[in-house]
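Q: Got a structure for you, questions after.
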Amino acid sequence: MFIPVTNLNSHYRRGFIRLLVALTIASAMLITACMEAEIPLPALAEPAETSMQVPEPLVESFAAVESSQNESLESGVTMVHGFELSDLDGNMRSSDEWNGKPLLINFWATWCVPCRKEMPALMELHEKYADQGFAVIGIAADELEKINAFLEKTPVSYPLLYGEITSVFKLSDSYGNEIGVLPHSAFVDRDGVVRHTRVGEITVEEAEEFILDIL
């Protein structure tokens, strides 16, 4: 049976009030701890899967890729790159075109916010090291119409290629993107060997450390 606090004698009433206060403080502490324990979701890379409608696959093929997926990229030689994709003018471009050049191959999409944010840094690097044979190549997992609409507002100075989303993610996996997220950057030396990879938005300073290693 519930007994009103006012019906208790002063001794029991004080004890009852202290108990209520203690329970209130304990509840507040528990709520605060739960809020502090929340871990924010990562914001660096977009998920590999998307609900966007993709176009019919382009005519594209991938050159043989020599790789050892179990080797650490930090150990040096891991895989030799190769691709053939369409540029924005509908011309097929092969990786053979850049043989003997150090490259930063960047996988991106217009729907990927970190991809868009790092583009000014990639353009700066493309221009800064061009006289040493270095180049940035962007490979988009996206639709041509969306890429062109994006470029109307944000011009890009380095070469852009694109392809059907599933095929591009498959290609990015051969460049070390085993977890399938964007953006993904692969740093390729003059022999066509992937020496370093970076998942997520990259800064000029972070990229330069890898670029200087492949020049």
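The values are calculated or read from the model by the stated rules, or taken from the named source; none is laboratory data. Since this is a predicted model, take the numbers as computed values, not measurements. All Cβ positions, glycine included, derive from the backbone under ideal geometry; neighbour counts span all protein chains shown.
Q: V136 fails exactly one of the following numbered conditions: (1) in a strand (DSSP E or B); (2) in contact (Cβ under 8 Å) with a residue 40 or more places away in the chain; (3) farther than 13 Å from P183 by Cα. What is the number of that condition?
A: Going through (1) in a strand (DSSP E or B); (2) in contact (Cβ under 8 Å) with a residue 40 or more places away in the chain; (3) farther than 13 Å from P183 by Cα one by one, V136 breaks only (2).
Q: Which of (1) modelled with pLDDT of 95 or more; (2) of a type in the set (D, E, K, R); (3) closer than 14 Å to E164 by Cα is the odd one out, the single condition K117 does not satisfy?
A: Going through the list (1) modelled with pLDDT of 95 or more; (2) of a type in the set (D, E, K, R); (3) closer than 14 Å to E164 by Cα, K117 breaks only (3).
Q: Just one of (1) touching a helix residue (DSSP H, G or I) at 6+ places or on another chain (Cβ under 6 Å); (2) buried (at least 23 other Cβ atoms within 10 Å of the Cβ) trips up D189, so point out which.
A: (2) is the only condition that D189 fails.
Q: If you don't mind, there's one more thing I want to ask. Give the stretch 178-215 a look and list any residue that's in contact (Cβ under 8 Å) with a residue 24 or more places away in the chain, of a type in the set (D, E, K, R) and outside any strand (DSSP E or B), or say none.
A: E178, D189, R190, D191, E201, E208, D213
Quick grid of which residues meet (1) closer than 24 Å to D213 by Cα; (2) not hydrophobic (A, V, I, L, M, F, W, C):
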site: K101; (1), (2): yes, yes
site: L104; (1), (2): yes, no
site: C115; (1), (2): yes, no
site: L122; (1), (2): yes, no
site: D131; (1), (2): yes, yes
site: L144; (1), (2): no, no
site: K170; (1), (2): no, yes
site: G192; (1), (2): yes, yes
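Q: Would you check which residues across the stretch 189-215 are β-branched (V, I, T) and more than 22 Å from G100 (Cα to Cα) and list them?
A: Kept after step one, since they are β-branched (V, I, T), are these residues of the stretch 189-215: 193-194, 197, 199, 202-204, 211, 214.
Those that are β-branched (V, I, T) and more than 22 Å from G100 (Cα to Cα): V199, I202, T203, V204.
Q: Okay, moving on. Please go through the stretch 170-206 and give me each residue that is hydroxyl-bearing (S, T, Y) and under 15 Å from the mean Cα position of the chain (by Cα), ordered by number.
A: S172, Y175, S185, T197, T203 - these are the residues of the stretch 170-206 that are hydroxyl-bearing (S, T, Y) and under 15 Å from the mean Cα position of the chain (by Cα).
Q: Return yes or no: is V181 surrounded by 14 or more Cβ atoms within 10 Å (Cβ to Cβ) and over 24 Å from D96 (Cβ atoms)?
A: Against the criterion (surrounded by 14 or more Cβ atoms within 10 Å (Cβ to Cβ) and over 24 Å from D96 (Cβ atoms)), V181 qualifies.
Q: Could you tell me whether any residue of the stretch 104-123 is on the phi > 0 side of the Ramachandran plot and either over 17 Å from the mean Cα position of the chain (by Cα) or assigned by TED's automatic domain parsing to the domain that holds E164 (or both)?
A: No, there is no match, as no residue in the stretch 104-123 is on the phi > 0 side of the Ramachandran plot and either over 17 Å from the mean Cα position of the chain (by Cα) or assigned by TED's automatic domain parsing to the domain that holds E164 (or both).
Q: Sticking with this structure for a sec: Go over the candidates Y158, Y175 one by one and state the one that is aromatic (F, W, Y) and surrounded by fewer than 20 Cβ atoms within 10 Å (Cβ to Cβ).
A: Sole residue among the options that is aromatic (F, W, Y) and surrounded by fewer than 20 Cβ atoms within 10 Å (Cβ to Cβ): Y158.
Q: Restricting attention to the stretch 141-164, which residues are farther than 25 Å from E127 by Cα and free of Cβ contacts under 8 Å to residues at least 24 places away in the same chain?
A: The answer is E145, and nothing else.
Q: Next question, about the same structure. Looking at S167 and the list (1) farther than 19 Å from P102 by Cα; (2) under 16 Å from the mean Cα position of the chain (by Cα); (3) part of a helix (DSSP H, G or I); (4) touching a residue at least 40 places away in the same chain (Cβ under 8 Å), which single condition is not satisfied?
A: With respect to (1) farther than 19 Å from P102 by Cα; (2) under 16 Å from the mean Cα position of the chain (by Cα); (3) part of a helix (DSSP H, G or I); (4) touching a residue at least 40 places away in the same chain (Cβ under 8 Å), S167 is out only on (2).
Q: Can you tell me which condition M123 does not meet? The list is (1) under 18 Å from F83 (Cβ atoms); (2) modelled with pLDDT of 95 or more; (3) assigned to a helix (DSSP H, G or I), and all the others hold.
A: Failed condition: (1).
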